[in-house]
1. Within segment 63-80, how many residues turn out to be free of Cβ contacts under 8 Å to residues at least 60 places away in the same chain, surrounded by 13 or more Cβ atoms within 10 Å (Cβ to Cβ) and outside any loop (DSSP other than H, G, I, E, B)?
2. So Ile119 clears everything in (1) under 25 Å from Gln226 (Cβ atoms); (2) at pLDDT 95 or above except one condition, right? Which one?
3. Output the residues belonging to segment 140-149 that are in contact (Cβ under 8 Å) with a residue 60 or more places away in the chain, of a type outside the set (A, V, I, L, M, F, W, C) and surrounded by fewer than 20 Cβ atoms within 10 Å (Cβ to Cβ).
4. Taking segment 150-184 as the region of interest, how many residues are buried (at least 21 other Cβ atoms within 10 Å of the Cβ) and closer than 18 Å to Ala236 by Cβ?
5. Out of Val152, Val121, Val131, report the one residue that is more than 22 Å from Val90 (Cβ to Cβ) and in contact (Cβ under 8 Å) with a residue 12 or more places away in the chain.
6. Given the residues Gly60, Gly52, Gly87, Gly39, which is the only one that is at positive phi and either aromatic (Phe, Trp, Tyr) or modelled with pLDDT of 85 or more (or both)?
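The values are calculated or read from the model by the stated rules, or taken from the named source; none is laboratory data. Keep in mind that what you see is a predicted model, and the values were worked out from it rather than measured. No Cβ is skipped: glycine too gets one built from the backbone with ideal geometry, and neighbour counts run over all protein chains shown.
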Amino acid sequence: MRPVLLSLGPVSIYSWGFLLALGTLLGGWGAVSLARRSGWEQPEDLLDVGVGAVLAGVLGSRLNYLLLYKPQEFLRRPGIFFQFSDGGLVFYGGLLAGIVAGGWLARRRNLRFWDTGDILVPFLAAGYGLVRIGCFLNGCCYGRVSQVPWAVVMPQLGDNLPRHPVQLYAAVMGMLLGWLLFRLYQRRLFSGAVFLIGIAGGAVERFIEDFFRDTLMYTSTLTVAQVVSAGLFLVALILYFWRKEYLIKQQLKEGKLSNDPTRN
């Protein structure tokens, strides 16, 4: 593993943080470029929303981890919140915080929530894939013990046991999901469709990932995250069909919807 990507004198550049920053920058650039091609009036506003959502997601996932796994220690030493070197993050805490912060920032920029989510979610999914490579280099979020030929040993665990490189599985799935969502966005589906498909796809990704991950179990066969993933998938599916039906009724009631997909 390589938690420190590069050391320049007293300054250390950490792999996880570097890939998070790289994913945020590339994702922001991609979203703004796509918005320009799609005719958005002020595509630069997306950069503020996207970066804010990512930062809120990191903080939310860290808080969720500490409340779930280390509540007593967190109460005694609140400063551990900023010790990201232990890799303590929980995906769904970050997802919730990111959606709330992104929605709030979009509203402040007079951007429609659903359309903003549609254009950002492909790049967020691909960025998630990059961050998972950072998790692999950091040695966190490791997999279950396995004898597959490509199993790896996590030195920081000190047990010398081969494990699934589940971080790399997640990286591939995240990038594939990002590519799929990007292609769906180009098909001009109804407002909110790509965003909700992205949420459902993220739930499926995490459900699959946890079959190979060494993590907290909810039952003898399912992890806590898998139970949450199943619930989130159902919610996203229900919202997808509700949103589609709602827009059809609006079209029938009002005629044609606004031609400007980006502003209220």
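1. Here is the first cut: in segment 63-80, the ones free of Cβ contacts under 8 Å to residues at least 60 places away in the same chain are 63-67, 70-80.
Imposing the further condition that a residue be surrounded by 13 or more Cβ atoms within 10 Å (Cβ to Cβ) reduces the set to 63-67, 70, 74, 80.
Narrowing the set further to residues that are outside any loop (DSSP other than H, G, I, E, B) leaves 63-67, 74, 80.
Total satisfying the criteria: 7.
2. Going through the list (1) under 25 Å from Gln226 (Cβ atoms); (2) at pLDDT 95 or above, Ile119 breaks only (1).
3. Hits for segment 140-149 are Arg144, Ser146.
4. Matching residues across segment 150-184 total 5.
5. Numbers: Val121 fails: more than 22 Å from Val90 (Cβ to Cβ); Val131 fails: more than 22 Å from Val90 (Cβ to Cβ).
Val152 is the lone residue from the list that is more than 22 Å from Val90 (Cβ to Cβ) and in contact (Cβ under 8 Å) with a residue 12 or more places away in the chain.
6. Values: Gly60 fails: at positive phi; Gly52 fails: at positive phi; Gly87 fails: either aromatic (Phe, Trp, Tyr) or modelled with pLDDT of 85 or more (or both).
Selected residue: Gly39, the only one of Gly60, Gly52, Gly87, Gly39 that is at positive phi and either aromatic (Phe, Trp, Tyr) or modelled with pLDDT of 85 or more (or both).
To keep it simple, each residue is scored yes or no on (1) within 18 Å of Val90 (Cβ to Cβ); (2) touching a Pro at 6+ places or on another chain (Cβ under 6 Å); (3) assigned to a helix (DSSP H, G or I).
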site: Cys140; (1), (2), (3): yes, no, no
site: Gln147; (1), (2), (3): no, no, no
site: Leu168; (1), (2), (3): no, no, yes
site: Met175; (1), (2), (3): no, no, yes
site: Glu205; (1), (2), (3): yes, no, yes
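Results for (1) part of a strand (DSSP E or B); (2) within 17 Å of the chain's Cα centre (by Cα); (3) not basic (Lys, Arg), shown as yes or no for each residue.
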| site | (1), (2), (3) |
| --- | --- |
| Leu6 | yes, no, yes |
| Thr24 | no, yes, yes |
| Ile99 | no, yes, yes |
| Gly103 | no, yes, yes |
| Ala106 | no, no, yes |
